[in-house]
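Working notes for the structure below.
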Amino acid sequence: MKILVTGGTGFIGSHTVVELQNRGYQVVIVDNLSNSDAKIVDSIEKITGTRPTLEVFDLVDREKTADFFKRHNDLKGIIHFAAFKAVGESVQFPLKYYRNNLDSLVNILEAMKENNIPNFVFSSSCTVYGQPEELPVSEKAPIQKAESPYGNTKQISEEIITDTVKVTDIHAIALRYFNPIGAHESALIGELPIGVPNNLVPFITQTAIGLRQQLSVFGEDYHTHDGTAVRDYIHVVDLAKAHVVAIDRMVNHKMKKPLEIFNLGTGIGYSVLDVINAFEKVSGLKLNYKIVARREGDIEKVWANPDFSNRELGWKADRNLEEMVDSAWKWEQAFRGKTIKPE
Ligand code: WQD
């Protein structure tokens, strides 16, 4: 069965292509390579022994998207990752985010309808919850006003999908990710932010490898166990496997309603200092960091209630924090061709 993975040369996309191919699915990737590299396809082939097809174009282009779906009208499902996702950048360039993230979604849904392609898995985010009143946060938690245009595009996308499944034969599963980190055990694929990393773990590994001078810890005055902000970090491979479970569920007609929403988290919250300590433990290194002011737009603490995903999807994240940061560190060293030994 053929599955389209948009954004399939990206961080979560590439790990999902690996798991889909391991499961026997045939994968076609569409990516505009705006935030990734075509060489990722070579790495996916090395890991799985199968080379996915890659077509490079922008899904914001309506004609090209319609043409693609006409040529691939035998697709059994789509996993849609392709989107801009830097919170800070979205505040600076909102129209770039609304255009890119929403136009591409509408083009894909239109083409699915035109070509009777039934199954759509959407890459959503726990940012839709904002700072939840109640923790852990379940799928029933209220959606709060987005803190950034990026988060808003995720909320609007979910609304577009909700309205579309009501009046078409499209079935959709929205997966709300918590904080994906880590890398495939082969260290052949991983998180590769272009430029200065926004996210914590790539900044940690780039500091340890010597690319960055020092990590800034954004705030130590939160109401958490050690004052630093808490997140539900989830291994990217556990996250990738959840997408395969979602596709299996759809192609085997196990869905219970046209739109299903699942939180993908471990259910455990870790602070920034917890992550740093775990990194220092697995690497044997002392990380150079300093505490600075809070970052604008950050929430204080969030972690998932994963019960519904565990029970209904039959999926559970089982890699722990040390495995996550260890895999990220192995990837960073492999990618840079450097090994940093503890003193
Ligand atoms: C985690 C914690 C920071 C960098 C965002 C998006 C989310 C998803 C993941 C796309 C926070 C702290 C970070 C640094 C730090 N992206 N931090 N120093 O902001 O929870 O989530 O990325 O889907 O949608 O919102 O992730 O890794 O940026 O931050 O102290 O140099 O680490 O303050 O507490 P975040 P993050």
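The values are calculated or read from the model by the stated rules, or taken from the named source; none is laboratory data. Quick caveat: nothing in here was measured; it's all calculated off a predicted structure. For neighbour counting, all protein chains shown are included, and Cβ atoms are generated from backbone atoms with ideal geometry for every residue, glycine included. Note: accessible area is taken over every heavy atom of the protein model, side chains too, but ligands, DNA and RNA are not part of it. Shrake-Rupley method; radii C 1.70, N 1.55, O 1.52, S 1.80 Å.
Taking the condition open to solvent by 30 Å² or more (accessible area, probe 1.4 Å), of a type outside the set (S, T, N, Q) and within 20 Å of residue 325 (Cβ to Cβ), does residue 185 pass? Against the criterion (open to solvent by 30 Å² or more (accessible area, probe 1.4 Å), of a type outside the set (S, T, N, Q) and within 20 Å of residue 325 (Cβ to Cβ)), residue 185 qualifies. Quick one: would you say residue 139 is over 24 Å from residue 14 (Cα atoms), outside any helix (DSSP H, G or I), more than 16 Å from the ligand (Cβ to nearest atom) and in contact (Cβ under 8 Å) with a residue 24 or more places away in the chain? Spelling it out, residue 139 is indeed over 24 Å from residue 14 (Cα atoms), outside any helix (DSSP H, G or I), more than 16 Å from the ligand (Cβ to nearest atom) and in contact (Cβ under 8 Å) with a residue 24 or more places away in the chain. Per the conditions (1) under 25 Å from residue 10 (Cα atoms); (2) within 16 Å of the ligand (Cβ to nearest atom); (3) open to solvent by 10 Å² or more (accessible area, probe 1.4 Å), the sole criterion not satisfied by residue 325 is (3).
Looking at 277, 252, 288, which one is within 25 Å of residue 117 (Cα to Cα), modelled with pLDDT of 95 or more and over 18 Å from the mean Cα position of the chain (by Cα)? Please lay out each step first, then the result.
Working: 277 fails: within 25 Å of residue 117 (Cα to Cα); 288 fails: within 25 Å of residue 117 (Cα to Cα).
Exactly one residue qualifies, and that residue is 252.
In the stretch 54-85, which residues are assigned to a loop (DSSP other than H, G, I, E, B) and either open to solvent by 20 Å² or more (accessible area, probe 1.4 Å) or within 14 Å of residue 115 (Cα to Cα) (or both)?
At the first step, the residues of the stretch 54-85 found to be assigned to a loop (DSSP other than H, G, I, E, B) are 57-61, 72-74, 81-85.
The answer is 57, 58, 60, 61, 72, 73, 74, 81, 82, 83, 84, 85.
When residues in the stretch 188-200 are screened for being buried (at least 18 other Cβ atoms within 10 Å of the Cβ), touching a residue at least 24 places away in the same chain (Cβ under 8 Å) and under 17 Å from residue 275 (Cα atoms), 2 of them pass. Taking the conditions (1) without any contact (Cβ under 8 Å) to a residue 60 or more places away in the chain; (2) in a loop (DSSP other than H, G, I, E, B) in turn, residue 154 satisfies each one other than (2).
Would you be able to say whether some residue in the stretch 103-120 is modelled with pLDDT of 95 or more and within 14 Å of the ligand (Cβ to nearest atom)? There is no residue in the stretch 103-120 that is modelled with pLDDT of 95 or more and within 14 Å of the ligand (Cβ to nearest atom).
Return a yes/no flag: does the stretch 300-314 have any residue that is farther than 30 Å from residue 244 by Cα and either out of contact with any Cys (no Cβ under 7 Å at 6 or more places or on another chain) or not acidic (Asp, Glu) (or both). Spell out the reasoning first.
First, the residues of the stretch 300-314 that are farther than 30 Å from residue 244 by Cα: 300.
Checking the rest, the ones that are also either out of contact with any Cys (no Cβ under 7 Å at 6 or more places or on another chain) or not acidic (Asp, Glu) (or both) come to 300.
The answer is yes; a qualifying residue exists.
Looking at the structure I just gave you, is residue 307 among the charged types (D, E, K, R) and more than 10 Å from the ligand (Cβ to nearest atom)?
Details: among the charged types (D, E, K, R): yes; more than 10 Å from the ligand (Cβ to nearest atom): yes.
Criteria met by residue 307.
Highlighted here are the strands (runs of 3 or more DSSP E) found entirely within the stretch 201-315 that include at least 1 residues which are within 23 Å of residue 126 (Cβ to Cβ) and open to solvent by 20 Å² or more (accessible area, probe 1.4 Å): 215-218, 259-264.
Among the criteria (1) in contact with a strand residue (DSSP E or B) (Cβ under 8 Å, 6 or more places away or on another chain); (2) modelled with pLDDT of 95 or more, the one residue 211 does not fulfil is (1). Counting only residues that are in contact with a Lys or Arg (Cβ under 7 Å, 6 or more places away or on another chain) and open to solvent by 30 Å² or more (accessible area, probe 1.4 Å), the stretch 116-150 holds 2 of them. Tell me, please, whether a residue that is assigned to a helix (DSSP H, G or I) and in the same structural domain as residue 97 (by TED's automatic domain parsing) can be found in the stretch 27-41. Yes, that holds for at least one residue.
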